[in-house]
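Working notes for the structure below.
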Amino acid sequence: MNFEFSEEQAMIRTAARTFAMQECLPGVIGRDEKQAFPKAQMESLARLGFLGMMVDPAYGGAGMDTVSYMLAMEEISKIDASVSVIMSVNNSLVCQALQKYGTTIQKEIFLKPLAQGSKNEELYTGAFLLSEPEAGSDASAQRTIAENEGDYYLLNGVKNWITSGNSASVYVVFAQSDFSKGSSGISAFIVPRNTPGIAVGAKENKMGIRASDTHSVSFNNVIVPKQNRLGAAGSGFTIAMQVLAAGRIGIAAQALGIAEGAYELSLKYAQSRIAFGKPIAQYQAIQFKLADMCTRIEAARMLCLKAAYEKDSGQDYSLSSSMAKVFASETAMWVTTEAVQIHGGYGYVKEYHVERLMRDAKVTQIYEGTSEVQRMVICRAALKSTI
Ligand code: CAA
């Protein structure tokens, strides 16, 4: 067993840390307040090769491993989880789906610019359209229809809670193409954002990750050529589940970064804040909080690394990714709440960052599968292993 990072992994972590400090920290409070999309930050991420980190270099990616991706997600999330969620959806949901299931032509047309994060010098990212008003945790209850019209499919329906719903250039859309087959009737499609018949709803006014753009997207007789179907007809649910298993490692790393960001701020604050004649870090009430914060963070880090390692070494990582996601996101919620408590009144105002980190932490328990969904996945695997 080896707990050391490789030289390349350590370099990626340093590059991500530098990017976060130099380009995300300035203006992070204002972007959150105004819900301003972090376009300049995304363009920098594209230049760094961080939008297609695990994509084969033959398709414009950086060809890095999942551990490196996890480290980059962690560092950027310490400072700005709005930037990291856009990065995560592009890397682990959209690029991974195309890399694993796309045809050579689909990869040439769509994966290359997605991995490079740009096309014709414009930002080019993707969105993952699975959730619907009545198909959130119950993802197989898809109501969006894809009617097979021979050379093309006709898409009708509504998707919601779509990260990058407006800013993305291309969507991976899931739709039911045969209701009689249940989840085996769902297919996946690659649909450019500017296809006629697509309407993007108003930006959601969110509690956290406010700078990322979240929208509903509706499809009204949208024509999708057959060559834009991703994978075989009826394989959409399997694609969604496999891609989400990988995506959950990214969100676990995001939650880990949010927790670490709040912990680091708390550690500093506790050493400088004087109460009753000495720094509050000298009181056991605060020391026990800090000790529990860093212990839980370390446990979350181990689970994230285990899931990333399993993925990189070709093992089944769906159980580990759910464990990492549920534990890291609940750690993030707990640590950020304690961070606000340690900061007292200062923790309740925006300048000290921890209130934003607390709001950002909440969604990690919800998106890419709620904590309850992760526990379903974990328990199903546990029950299976006893048979
Ligand atoms: N890999 C491959 N196949 C899988 C799989 C996996 N990890 N998990 C399930 N499947 C297959 C099953 O084997 C089964 O196949 P058969 O019918 O051939 O046996 C089929 O899929 C159906 O599986 P289940 O019966 O387990 O499905 P279910 O309806 O009980 O649902 C669930 C399981 C885990 C709850 C799933 O619906 C789920 O993950 N829900 C949460 C959805 C989610 O994470 N949404 C996130 C939206 S994207 C997002 O949030 C992005 C963002 O903004 C940041």
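What are the residues in the stretch 313-331 that are open to solvent by 60 Å² or more (accessible area, probe 1.4 Å) and either in a loop (DSSP other than H, G, I, E, B) or touching a Phe, Trp or Tyr at 6+ places or on another chain (Cβ under 9 Å) (or both), if any?
G314, Q315, D316
Is it the case that R301 is within 16 Å of the ligand (Cβ to nearest atom), open to solvent by 40 Å² or more (accessible area, probe 1.4 Å) and out of contact with any Lys or Arg (no Cβ under 7 Å at 6 or more places or on another chain)?
no
Among the residues of the stretch 90-120, write down those that are under 26 Å from K34 (Cβ atoms) and open to solvent by 10 Å² or more (accessible area, probe 1.4 Å).
Passing the criteria: only S118.
Can you tell me how many residues in the stretch 87-125 are under 20 Å from K311 (Cβ atoms) and either within 12 Å of the ligand (Cβ to nearest atom) or in contact with a Ser or Thr (Cβ under 9 Å, 6 or more places away or on another chain) (or both)?
Residues in the stretch 87-125 being under 20 Å from K311 (Cβ atoms) and either within 12 Å of the ligand (Cβ to nearest atom) or in contact with a Ser or Thr (Cβ under 9 Å, 6 or more places away or on another chain) (or both): 12 in total.
Identify all residues within the stretch 117-144 that are among the polar types (S, T, N, Q) and outside any loop (DSSP other than H, G, I, E, B); write none if there are none. Don't jump to the end; show me each part of the working.
As a first pass, look at the stretch 117-144 and keep what is among the polar types (S, T, N, Q): 118, 120, 125, 131, 137, 140, 142, 144.
S118, the sole residue that qualifies.
Of the conditions (1) open to solvent by 20 Å² or more (accessible area, probe 1.4 Å); (2) within 16 Å of the ligand (Cβ to nearest atom); (3) closer than 26 Å to T103 by Cβ, R210 fails just one. Which one is it?
(3)
Return yes or no: is A308 within 14 Å of S77 (Cβ to Cβ) and part of a helix (DSSP H, G or I)?
no
Can you tell me which residue in the stretch 231-245 is farthest from the ligand (Cβ to nearest atom), limited to those that are out of contact with any Phe, Trp or Tyr (no Cβ under 8 Å at 6 or more places or on another chain) and within 16 Å of S184 (Cα to Cα)? Even if it seems obvious, please write down each step before you answer.
Residues of the stretch 231-245 out of contact with any Phe, Trp or Tyr (no Cβ under 8 Å at 6 or more places or on another chain): 232-234, 238, 241-242, 244.
Then keep just the ones that are within 16 Å of S184 (Cα to Cα); that gives 232-234, 238, 241-242.
Working: A232: 13, A233: 15, G234: 10, T238: 4, M241: 3, Q242: 5 Å.
So the residue we want is A233.
Out of the residues in the stretch 332-387 that are outside any helix (DSSP H, G or I) and closer than 30 Å to N160 by Cα, which is farthest from the chain's Cα centre (by Cα)? First the steps, then the outcome.
Step one: of the stretch 332-387, the residues outside any helix (DSSP H, G or I) are 349, 353, 365-370, 386-387.
Still in the list and also closer than 30 Å to N160 by Cα: 353, 365-370.
On the way: H353: 21, Q365: 12, I366: 11, Y367: 8, E368: 7, G369: 11, T370: 13 Å.
This residue is H353.
For the stretch 246-253, check the following and say yes or no: at least one residue is of a type in the set (A, V, I, L, M), within 10 Å of the ligand (Cβ to nearest atom) and either under 18 Å from Y69 (Cβ atoms) or not in a loop (DSSP other than H, G, I, E, B) (or both). It would help to see each step written out before you state the result.
Here is the first cut: in the stretch 246-253, the ones of a type in the set (A, V, I, L, M) are 246, 249, 251-253.
With within 10 Å of the ligand (Cβ to nearest atom) added as a condition, the list becomes 246, 251.
Now drop any that are not either under 18 Å from Y69 (Cβ atoms) or not in a loop (DSSP other than H, G, I, E, B) (or both), which leaves 246, 251.
Yes, some residue in the stretch 246-253 is of a type in the set (A, V, I, L, M), within 10 Å of the ligand (Cβ to nearest atom) and either under 18 Å from Y69 (Cβ atoms) or not in a loop (DSSP other than H, G, I, E, B) (or both).
Any idea which of I223, I251, I239 is buried (at least 24 other Cβ atoms within 10 Å of the Cβ), among the β-branched types (V, I, T) and at pLDDT 95 or above?
On the way: I223 fails: buried (at least 24 other Cβ atoms within 10 Å of the Cβ); I239 fails: buried (at least 24 other Cβ atoms within 10 Å of the Cβ).
Every option except I251 fails the conditions.
N160: at pLDDT 95 or above, within 15 Å of the ligand (Cβ to nearest atom) and either outside any strand (DSSP E or B) or surrounded by 19 or more Cβ atoms within 10 Å (Cβ to Cβ) (or both), yes or no?
Working: at pLDDT 95 or above: yes; within 15 Å of the ligand (Cβ to nearest atom): yes; either outside any strand (DSSP E or B) or surrounded by 19 or more Cβ atoms within 10 Å (Cβ to Cβ) (or both): yes.
The answer is yes for N160.
Every residue in the stretch 132-157 that is touching a Ser or Thr at 6+ places or on another chain (Cβ under 6 Å) and open to solvent by less than 30 Å² (accessible area, probe 1.4 Å), please.
Answer for the stretch 132-157, where residues must be touching a Ser or Thr at 6+ places or on another chain (Cβ under 6 Å) and open to solvent by less than 30 Å² (accessible area, probe 1.4 Å): A146, G157.
Looking at S218, S212, can you tell me which residue is of a type in the set (S, T, N, Q) and part of a strand (DSSP E or B)?
Values: S212 fails: part of a strand (DSSP E or B).
From the options S218, S212, the qualifying one is S218.
Going by the conditions given, is V173 assigned to a strand (DSSP E or B), crowded, with 16+ Cβ neighbours inside 10 Å and without any contact (Cβ under 8 Å) to a residue 60 or more places away in the chain? Walk me through it before giving the result.
Values: assigned to a strand (DSSP E or B): yes; crowded, with 16+ Cβ neighbours inside 10 Å: yes; without any contact (Cβ under 8 Å) to a residue 60 or more places away in the chain: yes.
Yes, satisfied.
Listed here are the residues, each with its yes/no results for (1) open to solvent by 40 Å² or more (accessible area, probe 1.4 Å); (2) among the aromatic types (F, W, Y); (3) closer than 24 Å to C24 by Cα.
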{"residue": "G344", "(1), (2), (3)": "no, no, no"}
{"residue": "V349", "(1), (2), (3)": "yes, no, yes"}
{"residue": "E355", "(1), (2), (3)": "no, no, yes"}
{"residue": "Q365", "(1), (2), (3)": "no, no, yes"}
{"residue": "I378", "(1), (2), (3)": "no, no, no"}
{"residue": "L383", "(1), (2), (3)": "yes, no, no"}
{"residue": "T386", "(1), (2), (3)": "yes, no, no"}
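The values are calculated or read from the model by the stated rules, or taken from the named source; none is laboratory data. Computed from a predicted structure; not experimentally measured. Note that we place each Cβ from the backbone using ideal geometry, even for glycine, and neighbour counts take in every protein chain shown. We work out accessible area using only protein heavy atoms, side chains counted, and drop any ligands, DNA or RNA first. Shrake-Rupley method; radii C 1.70, N 1.55, O 1.52, S 1.80 Å.
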